[in-house]
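The values are calculated or read from the model by the stated rules, or taken from the named source; none is laboratory data. None of the values given here were measured: they were computed from a predicted structure. Neighbour counts are summed over all protein chains in view; Cβ atoms, including those assigned to glycine, are modelled from backbone coordinates with ideal geometry.
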Amino acid sequence: MLKPKSINIPKPTRYQNAAIDYYMGLTDSSYLHYGYWEPLPTAGEELTLTSLRVAQSAYAAKLLSFIPEGTKTVLDVGCGIGGNAAYFCSRGFSVEGLAPDALQQERFIKNTNGQVPFYLTRFEDFHTSRSYDLVLFSESSQYIALDDLAQGTASLLSSGGYLLIADMMRSDSEYKEGIFSNCHVASELQTALMQAGFKLIKTEDISTHIAPTIDLCVNNFRTFGLTTVKYIADVVAIAFPPLHAIGRLAFKRWLEKPIIEGLAARAIFESHLCYSIQLWQLSQGV
Ligand SMILES: C[S@@+](CC[C@H](N)C(=O)[O-])C[C@H]1O[C@@H](n2cnc3c(N)ncnc32)[C@H](O)[C@@H]1O
């Protein structure tokens with residue numbers, strides 16, 4: 001196995017990597033996306049990590065259904081730990097992946113049995129003389145500035161090539177602060193892609209099919225996360241009362257607001273965002 005090289009990773013990307021690492025630990029899955037819940041859970045049905053993993057496999061199949069016939073080479077941008085790449089590889093595509101995280105690189109190589117080339121880099125810094133039939137952004141478009149995404153992808157495709165994006169997007173451009181505010185505004189994404197020479201071939205809003213994952217994360221956070229924090233706080237209050245007092249102040253100052261927001265994630269998502277899969281084609285001659 002290749003030893004991961006170190007690269008200069010900017011601080012915001014390191015924060016994102018830490019969050020992704022946490023999600024990896026929770027789900028123990030080879031996918032890092034929300035999944036596609038089909039059928040939708042019934043009212044009151046318990047949401048489990050096992051059903052999330054089923055939804056994540058269904059999501060890979062959903063992506064596959066968007067890939068045009070004749071596609072052979074795929075660049076998986078922000079490929080995570082290789083779930084999608086392994087799935088596409090097993091269906092005969094020639095796949096390459098990139099992500100700016102050495103830990104993901106290690107897992108990616110393992111999950112794809114070393115069969116899929118991995119580039120340890122940000123998309124913005126990726127340069128190659130190769131071109132691809134399709135460039136995939138599965139929940140990675142939100143980490144990349146619009147112009148970099150649109151122009152960078154156009155430069156990696158041969159004319160008539162495809163861009164497949166599946167991600168959360170802001171349907172409300174006034175939503176500018178909060179847990180999901182790094183997602184692109186859907187209308188701005190569309191404008192940037194059209195300006196770079198893309199036309200929209202197919203799109204589907206799958207918001208209701210990813211939303212159970214938000215509920216599952218919030219439920220688990222409430223049940224295990226908050227309960228554990230409360231237990232630790234109770235023990236500290238008994239053993240080290242002054243430390244507990246400092247901890248209480250720190251909680252009020254830095255943690256209370258993001259926690260309240262996290263618990264309201266489903267309502268925030270429904271009010272300001274959507275989740276869309278979009279297939280774009282680079283116009284012939286561009
Ligand atoms: C939510 S994960 C999605 C992973 C994978 N595509 C999937 O669907 O399971 C987001 C991915 O984007 C990657 N990423 C973040 N910033 C990036 C950048 N500037 N260029 C390329 N990938 C980036 C992360 O390291 C991670 O692999």
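So, GLN115, is that one part of a helix (DSSP H, G or I) and out of contact with any Lys or Arg (no Cβ under 6 Å at 6 or more places or on another chain) or not? Against the criterion (part of a helix (DSSP H, G or I) and out of contact with any Lys or Arg (no Cβ under 6 Å at 6 or more places or on another chain)), GLN115 does not qualify.
Going through segment 17-68 one residue at a time, which ones are farther than 22 Å from PHE137 by Cα, surrounded by fewer than 17 Cβ atoms within 10 Å (Cβ to Cβ) and hydrophobic (A, V, I, L, M, F, W, C)?
Scanning segment 17-68 gives LEU26, LEU40, ALA43, LEU49.
In this structure, is THR73 surrounded by fewer than 23 Cβ atoms within 10 Å (Cβ to Cβ), more than 15 Å from the chain's Cα centre (by Cα) and either farther than 30 Å from PHE224 by Cβ or within 13 Å of the ligand (Cβ to nearest atom) (or both)? The answer is yes for THR73.
Of the residues that make up segment 207-227, is at least one aromatic (Phe, Trp, Tyr), more than 16 Å from the ligand (Cβ to nearest atom) and part of a helix (DSSP H, G or I)? Yes, the conditions are met somewhere in segment 207-227.
Let's see how each residue does on (1) over 23 Å from HIS209 (Cβ atoms); (2) modelled with pLDDT under 95; (3) outside the structural domain of PHE123 (by TED's automatic domain parsing):
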residue: MET1; (1), (2), (3): yes, yes, yes
residue: SER30; (1), (2), (3): no, no, no
residue: GLY44; (1), (2), (3): no, yes, no
residue: LEU47; (1), (2), (3): no, no, no
residue: LEU52; (1), (2), (3): no, no, no
residue: SER65; (1), (2), (3): no, no, no
residue: GLY70; (1), (2), (3): yes, no, no
residue: LEU75; (1), (2), (3): yes, no, no
residue: ILE81; (1), (2), (3): no, no, no
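One residue stands out among those in segment 155-187 that are within 16 Å of the ligand (Cβ to nearest atom) and assigned to a loop (DSSP other than H, G, I, E, B): the one that is farthest from ALA264 (Cα to Cα), which is HIS184. Within segment 91-112, if we keep just the residues that are in contact with a Ser or Thr (Cβ under 7 Å, 6 or more places away or on another chain) and in a strand (DSSP E or B), the residue that is farthest from CYS79 (Cα to Cα) turns out to be SER94. For segment 118-129, taking the residues that are in a loop (DSSP other than H, G, I, E, B) and free of Cβ contacts under 8 Å to residues at least 24 places away in the same chain, the one that is nearest to the ligand (Cβ to nearest atom) is identified as HIS127.
Within segment 143-154, the set of residues being within 15 Å of the ligand (Cβ to nearest atom), modelled with pLDDT of 95 or more and part of a helix (DSSP H, G or I) comprises LEU146, ASP147, ASP148, LEU149, ALA150, GLN151, GLY152, THR153. Here segment 80-98 is the region considered, the condition is being within 9 Å of the ligand (Cβ to nearest atom) and without any contact (Cβ under 8 Å) to a residue 40 or more places away in the chain, and the residue that is farthest from SER141 (Cα to Cα) is ALA85.
Within segment 118-133, does at least one residue satisfy the condition of being crowded, with 18+ Cβ neighbours inside 10 Å, closer than 15 Å to THR73 by Cα and over 19 Å from the mean Cα position of the chain (by Cα)? Checking segment 118-133: at least one residue is crowded, with 18+ Cβ neighbours inside 10 Å, closer than 15 Å to THR73 by Cα and over 19 Å from the mean Cα position of the chain (by Cα).
Of a type in the set (A, V, I, L, M, F, W, C), out of contact with any strand residue (DSSP E or B) (no Cβ under 8 Å at 6 or more places or on another chain), within 13 Å of the ligand (Cβ to nearest atom) and free of Cβ contacts under 8 Å to residues at least 60 places away in the same chain - does that describe any residue in segment 25-41? No, because not a single residue in segment 25-41 is of a type in the set (A, V, I, L, M, F, W, C), out of contact with any strand residue (DSSP E or B) (no Cβ under 8 Å at 6 or more places or on another chain), within 13 Å of the ligand (Cβ to nearest atom) and free of Cβ contacts under 8 Å to residues at least 60 places away in the same chain.
Matching residues to (1) out of contact with any strand residue (DSSP E or B) (no Cβ under 7 Å at 6 or more places or on another chain); (2) part of a helix (DSSP H, G or I); (3) within 26 Å of ALA166 (Cβ to Cβ):
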{"position": "VAL236", "(1), (2), (3)": "yes, yes, no"}
{"position": "ILE246", "(1), (2), (3)": "yes, yes, no"}
{"position": "LEU249", "(1), (2), (3)": "yes, yes, no"}
{"position": "ARG253", "(1), (2), (3)": "yes, yes, no"}
{"position": "GLY262", "(1), (2), (3)": "yes, yes, yes"}
{"position": "CYS274", "(1), (2), (3)": "no, no, yes"}
{"position": "ILE277", "(1), (2), (3)": "no, no, yes"}
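Residues in segment 158-175 that are of a type outside the set (A, V, I, L, M) and farther than 22 Å from SER283 by Cβ: 7 in all.
Okay, residues lined up against (1) in the same structural domain as LEU32 (by TED's automatic domain parsing); (2) surrounded by fewer than 20 Cβ atoms within 10 Å (Cβ to Cβ); (3) more than 23 Å from ASN84 (Cβ to Cβ):
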position	(1), (2), (3)
THR153	yes, no, no
ASN182	yes, yes, no
GLN195	yes, yes, yes
ALA233	no, yes, yes
